[in-house]
Every structure is written in structure tokens, then in C-alpha cells.
Amino acid sequence: MNNDFCQLFVELNKEFFSPLGVEFGMRTIRQGLNYLELFKDVNVNHEQAINNFIVHKVLPKFTFDGNKQAGNHNKLDLLDKVLISRLEEVIAEHELISDEFSSVAALKDIVENAKANDGVVNYWA
């Protein structure tokens, strides 16, 4: 738990994933730690590793009704008004990542698709 990656994803889980109803636990965090170890052998950019982990292990779990409440927001608003900004902070270099590989751009697409689909959030749509 002293690892920055673990702390970040435990925070994100408490703030976002759990209220959204997204299954995200220690197994996924352990997979992420393993991914970071393997990734640093080919690329030392820690933010890019976090970005890739979010794209491959977090966002595909986003399938839910965005109109349902999650605390003070509905789930879609939580994504749109809070999580996007949080990811932009976590991945400060997000603008340097091409849209097709960016977790921030992917989340923005998910939100726009959900708005056009009666609030249904679906990564796979």
C-alpha cells in the first residue's frame, strides 16, 4: 500500500469506480503493478503506463446506466464533470498522447456516446 500506483487506484476506486458500480479490486491493482514492471523494460514513462492500464483494464469495465445516482451526481455527470478532470491531473501529459491511445480521449468519447444513447455508458458501444 506504500506504492504510489496502489494508492492512486485505491483512491480512484473509492472516489469513482465503486460509486459507479465498476468492479475494481486488489487483483486488478496487482495486475497493474505487474504491468508497470514489464512496461518499464521498454518505456520509462510512468504516466504512459498508467494511461495504458486505464485504457486496457479500467475503461472496458464501464457499462452501466449513467442516469442512476452516485452520491451527489448521476453517474454520467460524475464521469463528465469529475473523472475526466481527475484523469487529466493524473496524466498531466495527456495532450501529448495520440487520441487513439489516450485514456482521457477515450473517456470523453464514452461520455459523448452515452449522452447520445439516453445516458447508457458502454465502453464497447
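We did not get these values from a lab; they are worked out from the coordinates using the rules stated. This structure is a prediction, so every number in the text was calculated from the model and none was measured. Note that each Cβ is placed from the backbone with ideal geometry, even for glycine, and that neighbours are counted across all protein chains shown.
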Pairs only if they're at least six apart or on different chains, beta carbon under 8 angstrom, first in the stretch 63-81 and closer than 9 Å to Leu20 by Cα, second among the charged types (D, E, K, R) and part of a strand (DSSP E or B); list them, first residue then second.
Lys75/Asp65
Between a residue in the stretch 108-123 that is over 11 Å from Leu76 (Cβ atoms) and any residue that is of a type in the set (Ser, Thr, Tyr) and not in a loop (DSSP other than H, G, I, E, B), which pairs come within a Cβ distance under 9 Å, given they are 6 or more apart or on different chains?
Asn122/Thr63; Tyr123/Thr63
Within the stretch 85-101, tally of residues that are over 20 Å from Gly32 (Cβ atoms) and in a helix (DSSP H, G or I)
5
Candidates Val82, Val104, Val111, Val121 - the one that is on the phi < 0 side of the Ramachandran plot, outside any helix (DSSP H, G or I) and of a type in the set (Val, Ile, Thr):
Val121
Might you check whether a residue that is hydrophobic (A, V, I, L, M, F, W, C) and either touching a Pro at 6+ places or on another chain (Cβ under 6 Å) or over 24 Å from Gln7 (Cα atoms) (or both) occurs anywhere in the stretch 43-58?
no
Of all the residues that make up the stretch 61-73, how many are crowded, with 17+ Cβ neighbours inside 10 Å, not in a loop (DSSP other than H, G, I, E, B) and not small (Gly, Ala, Ser)?
1
Can you tell me which residues in the stretch 1-45 are assigned to a loop (DSSP other than H, G, I, E, B) and not aliphatic (A, V, I, L, M)?
Asn2, Asn3, Gly21, Glu23, Phe24, Gly25, Lys40, Asp41, Asn43, Asn45
